């Protein structure tokens, strides 16, 4: 029976007042579901048109009247005051100086103030509480007996008066005097009662809703705003738990874990706890604690949804903190689906890889807002935007991941009315939806071929942050770039932590381990590399035949005379200036190697880690920049290691990575089966369907030669710009 | 009486067999002195021609026959064996693997082996002596009970069989089977008797010698050679004491200082103790100990020279370790003169600044060798060299320093015969000698004007390493580049250490302090910045009106959330990747400022320190590169701070530095008196002589406007390429 590619698995954002457009596009795009969005409503005419209905719900900002009457039940954060140098023994610090005062108000409650800390940041010592006092009226702290010319800061608790997503949308879209929503703290029993009561009412009031689309649960990603236009975003991290603490949370933590956290565990010298930096063990405990709370209270919410005969989906953005779709308790919440907004391939994999839900849905870009996330005039009439092209480009970036991993649904979000003047955008989405349904059908019949290289990505976070490098794909971060390359390769990928290796050793079924990032980062591993057992086990594993790929500053932990803990395996290390008097082994770049066979020239990694020196004559350099190796290979025992001085995602570099994986796995021939000669194209072999999918990632027509499953026979394929070919074999 | 610029204060290298050339050039260049060189001799015809005679003497390699018979009296070094990863519990390490075996032989003596150490470099722990054994015949150490996959090294003592300057000259000039000279260890009483007896004989045998030119005293700068052409120089540092240790030295040190050093104090994880890295306090003690020994035994040698009616000069290169011309005991040795080979301006200042000797002499470049220090074919017939141009360029580079500080003599070294085919070289030297005598005469009449900015250069080393950045001017090191800029500026300069400030505070008469270098370096200060007192005092000093100039990573000491200890003063700090989630204050580059007024564009610092972020809105950015401030200024209290992201010596950047000094000193008008509008020119006002000297540092004609001493009146001056004008006022 021929497949119907014109209908199904598509979520359309409806908009009251534009009923005709909504229903027309629902038909054109083959939608089976209509949703509302932040700022839009659905009218009865839409709701009763026979579609499934998703209704977005952000519980913690849904009880704003109550929140206004209970300012002590708002969510809180530990903030660090702007550092002040003491010019005299008494110094007064304005706590909120520099912060956006519409977002924060200091929690002056005595119980909260017990958690405050004042630090002499010059010595690093805490200032005894008897040496400082608080002026609640002025919002200041005065330190007495300050050491002159030392730098002081105050860690304090602040309520967040304006929920950040609401604040961002409000300010971006000039919502004027529309009310400011605040997020309540779900850990208070009273708040929980209010929220559950609200949810019950809400469920009763939405009989036509089939899916409650939680956006998301309780705690936003971290976002501290500044009051100075020159420093609007003081801190923003997609994975930090900085929006969760409260005296109640800290007390409960101390009870459960047997030790007390401090404000400094959150403030961390003003760095806070960015996902990019290797976490402290205390932070890991706290994250586990919050994850447990979110799982428990989340479950109670989801149970109500189910009891109302509806499904519960969760949005893998915004208030996702504590939800942790790759965390151990996620499945306990009982969600039916997860929705991920997606710009690119690793986000597809991030969504597809989540276990414990039935439905994995992607919300495509562009979001239907007048301006894009970077302020570009996407849908502004006469603004010079090209939303159709944007949509195609986002789709092409994501599609590399979609041919490797199955996704169940796609959709859009925002103001549908904005697309009315853009018929080419309407056409583009129709085409994308058809292509999606085709790929889904192939996955449904059976998984695509993967090359025989099982790859482990080794970070401080491990599985908890699979396919995550703190939010969306921001170019320039090696780890981000590397997982984007990886997301489109025909290899099995899993994520593991240094602690996993310390505890359980290297998983037996891995062929290659990748460690990528700068020194101190969570991606490279930071202080977790201090564990000698990890070094022993990884070294032994490579010596016995494993493959290790190090990118940028792999396994970096500064020791006198050495930076990379895996230096003997890599056959190289990094000099950060301390080896100026030491000679550097000269080398000749090898002109021909399996790994670089398809590179026309030395790879462009954007910014390269410099100062790489070779440990001995066994390390072979395949590319260099400014005299420092950029790609090098080293045999170690029966295993092999590859080093890259950086990474940017590009067709050439993704291919370089795949070949490096094959070489590190000591299986150069395994690479050939179902490979595509043109690096701007990818192919996937769906054996169960006997279909060969070839995609063109380029904006121009391409020709490629596919090597078939015997590793020898070939097939030439022509593809139009951004095209896809599905060939029966 | 008109000055005779044609004669005097010039040392010519004579060469037996080329008597006519020697005497002709002695006349042409106005020499008053003839010297021998390493590899050349003087004949009686030269010696008795009526010139003063310098005779080079390197005592420690002068008793080679005795040295060959007493291999246990050779100098020694602690070496670290090449790291080995233990694949099994028993691992054998070839101690000299990778080292040049013509330079080293392992000291297998039981007394020496007591100082050896074996390290597990994976854990950092020392391996107990009971777990390793030495095979003296094979030159190996075998470790038992090694942890599998850990990395091991052995610190061991090796004799140095071939003195390094002799070795370098021998190999560079293909001296074939000429004997290999070895350096004896002067700390042995027996060696001292032999050396003093030799010196007595030598003095008696050189009745015509007027100056004994010591090259230098006892210990060479550090130079470990490798056996692999890809790693010929394993370690070379102009200021490290790695050529001095021996069981005797270590025992005497323990007696004098009350604690024992270890081999690891020297090996330092394989980094050794490069002058570029902030020294340990134990190393500083040891350097003081060796300096004391060199001063004492050196004095005994110099006394013999004086008793023979001769003068003793010391060469400020080669075997200078322990001599420390800026050290506290240097004057005690009793030298009459110091000779410094000179490539550039800071080396002129380095020589001129030495106290406790009457005569300061420069040995100009090029050295009369067929090939230059970098292997260029300077004097090779038909080799394409241009020694006349080289000589002029070196002279121009040095002259910037010579107009600021007085030097007593100049000269050349090497094989005079090589210059015979180069008449233009002969002309060039004649002209340089005249120019030198002119400048000397002006200094003799009275010091040149200096602007009212007294500058302190703050490093870990302080005065001990004044004008020194580990040997010659190697481009690319910010500190080297910065002191080269400074060496030609009309300002008083002194060098001070962080410990000086901790002990004595900031000197009252300083206007500006410069701190320049990368984190961890001796130049930036490294671990010495951990002293809070230093930070307090410097901060207070700036607040009260001082000027602070930070270059690259000034005051860097990593703390959570901060890198620069002086960040509040500089108004900025550096993010090395850990602040990825923190916003960076945006800024606008100020188009006009006193500091950048003469820069046509953003300065070129070669390699810039990136990731600089502003602490507040008070910091003004004057130049930026790739979004990171390159030049920034910040007022702090009554004082001012300037930041450069790097430095390369260029006419523009030297001017930028001078203007920054003036601005930091809060004295912009003080800068104008006796300044030259054209950055490629410099001027010096010799008030006592009422002479204005204007020099052109460029290889093309230049015009400039000099602002005279009232800060208003001006004078236009035309200069030919590399020219000099001396104007009466």
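The values are calculated or read from the model by the stated rules, or taken from the named source; none is laboratory data. Keep in mind that this is a model prediction, so the values were computed, not measured. All Cβ positions, even for glycine, are placed from backbone atoms using ideal geometry, and neighbour counts span all protein chains on display.
Of the residues that sit in segment B:191-238 and are part of a loop (DSSP other than H, G, I, E, B) and facing chain A (nearest Cβ under 9 Å), which one is farthest from residue B:171 (Cα to Cα)? Residue satisfying both the conditions and the ranking: B:238. Scanning segment B:144-160 for residues being buried (at least 21 other Cβ atoms within 10 Å of the Cβ) and part of a loop (DSSP other than H, G, I, E, B) gives a total of 3. Just so you know, in segment A:552-574 the residues that are in a loop (DSSP other than H, G, I, E, B) and within 10 Å of chain B (Cβ to nearest Cβ) include one that is nearest to residue A:459 (Cα to Cα), and it is A:553.
Out of B:127, B:106, B:141, report the one residue that is more than 23 Å from residue A:570 (Cα to Cα), surrounded by 21 or more Cβ atoms within 10 Å (Cβ to Cβ) and under 35 Å from the mean Cα position of the chain (by Cα). Reasoning before the result, please.
Values: B:127 fails: under 35 Å from the mean Cα position of the chain (by Cα); B:141 fails: under 35 Å from the mean Cα position of the chain (by Cα).
That would be B:106, the only listed residue that is more than 23 Å from residue A:570 (Cα to Cα), surrounded by 21 or more Cβ atoms within 10 Å (Cβ to Cβ) and under 35 Å from the mean Cα position of the chain (by Cα).
Assess whether residue B:179 counts as being in contact with a strand residue (DSSP E or B) (Cβ under 6 Å, 6 or more places away or on another chain) and under 30 Å from residue B:302 (Cβ atoms). Steps first, please.
Numbers: in contact with a strand residue (DSSP E or B) (Cβ under 6 Å, 6 or more places away or on another chain): no; under 30 Å from residue B:302 (Cβ atoms): yes.
The answer is no for residue B:179.
Here is a check on your reading of the model: is residue B:591 outside any loop (DSSP other than H, G, I, E, B) and under 30 Å from residue B:669 (Cβ atoms)? No: the conditions fail for residue B:591. Go through the residues of segment B:515-527 one by one and say whether even a single one is more than 20 Å from residue A:576 (Cα to Cα) and outside any loop (DSSP other than H, G, I, E, B). Within segment B:515-527, not a single residue is more than 20 Å from residue A:576 (Cα to Cα) and outside any loop (DSSP other than H, G, I, E, B). Evaluation of residue A:83 against the conditions (1) free of Cβ contacts under 8 Å to residues at least 40 places away in the same chain; (2) farther than 30 Å from residue A:414 by Cα shows that the sole unmet condition is (1).
Would you please name the residue that is surrounded by the most Cβ atoms within 10 Å (Cβ to Cβ), looking only at residues in segment B:587-637 that are modelled with pLDDT under 95 and on the phi > 0 side of the Ramachandran plot? Here the residue is B:606. Residues in segment B:244-287 that are within 14 Å of another protein chain (Cβ to nearest Cβ) and assigned to a loop (DSSP other than H, G, I, E, B): B:262, B:271, B:272, B:273, B:274, B:275, B:276, B:278, B:279, B:280.
Might you let me know whether segment A:444-451 holds any residue that is touching a residue at least 24 places away in the same chain (Cβ under 8 Å), part of a helix (DSSP H, G or I) and closer than 30 Å to residue A:3 by Cβ? Checking segment A:444-451: at least one residue is touching a residue at least 24 places away in the same chain (Cβ under 8 Å), part of a helix (DSSP H, G or I) and closer than 30 Å to residue A:3 by Cβ. For segment B:517-535, filtered to residues that are surrounded by fewer than 22 Cβ atoms within 10 Å (Cβ to Cβ) and over 21 Å from residue B:271 (Cβ atoms), the residue that is nearest to the other protein chains (Cβ to nearest Cβ) is B:532.
Listed here are the residues, each with its yes/no results for (1) at pLDDT 95 or above; (2) surrounded by 15 or more Cβ atoms within 10 Å (Cβ to Cβ); (3) assigned to a loop (DSSP other than H, G, I, E, B).
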| position | (1), (2), (3) |
| --- | --- |
| A:65 | yes, no, no |
| A:72 | yes, no, no |
| A:82 | yes, yes, yes |
| A:89 | yes, no, yes |
| A:93 | yes, yes, no |
| A:112 | yes, yes, no |
| A:119 | yes, yes, no |
| A:134 | yes, yes, no |
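Looking at segment B:538-551 only, could you name the residues that are surrounded by fewer than 24 Cβ atoms within 10 Å (Cβ to Cβ) and either away from chain A (no Cβ under 11 Å) or under 29 Å from the mean Cα position of the chain (by Cα) (or both)? Don't jump to the end; show me each part of the working.
Residues of segment B:538-551 that are surrounded by fewer than 24 Cβ atoms within 10 Å (Cβ to Cβ), as a first pass: B:540-541, B:543-545.
The one that is surrounded by fewer than 24 Cβ atoms within 10 Å (Cβ to Cβ) and either away from chain A (no Cβ under 11 Å) or under 29 Å from the mean Cα position of the chain (by Cα) (or both): B:545.
Of all residues in segment B:641-658, none satisfies being touching a helix residue (DSSP H, G or I) at 6+ places or on another chain (Cβ under 8 Å), farther than 21 Å from residue B:484 by Cα and more than 14 Å from chain A (Cβ to nearest Cβ).
Do we find that residue B:626 is in contact with a helix residue (DSSP H, G or I) (Cβ under 7 Å, 6 or more places away or on another chain) and without any contact (Cβ under 8 Å) to a residue 60 or more places away in the chain in this structure?
Details: in contact with a helix residue (DSSP H, G or I) (Cβ under 7 Å, 6 or more places away or on another chain): no; without any contact (Cβ under 8 Å) to a residue 60 or more places away in the chain: yes.
Taking the combined requirement at face value, the residue does not satisfy it.
Quick check on residue B:514: is it out of contact with any helix residue (DSSP H, G or I) (no Cβ under 6 Å at 6 or more places or on another chain), more than 10 Å from chain A (Cβ to nearest Cβ) and either in contact (Cβ under 8 Å) with a residue 40 or more places away in the chain or on the phi < 0 side of the Ramachandran plot (or both)? The answer is yes for residue B:514.
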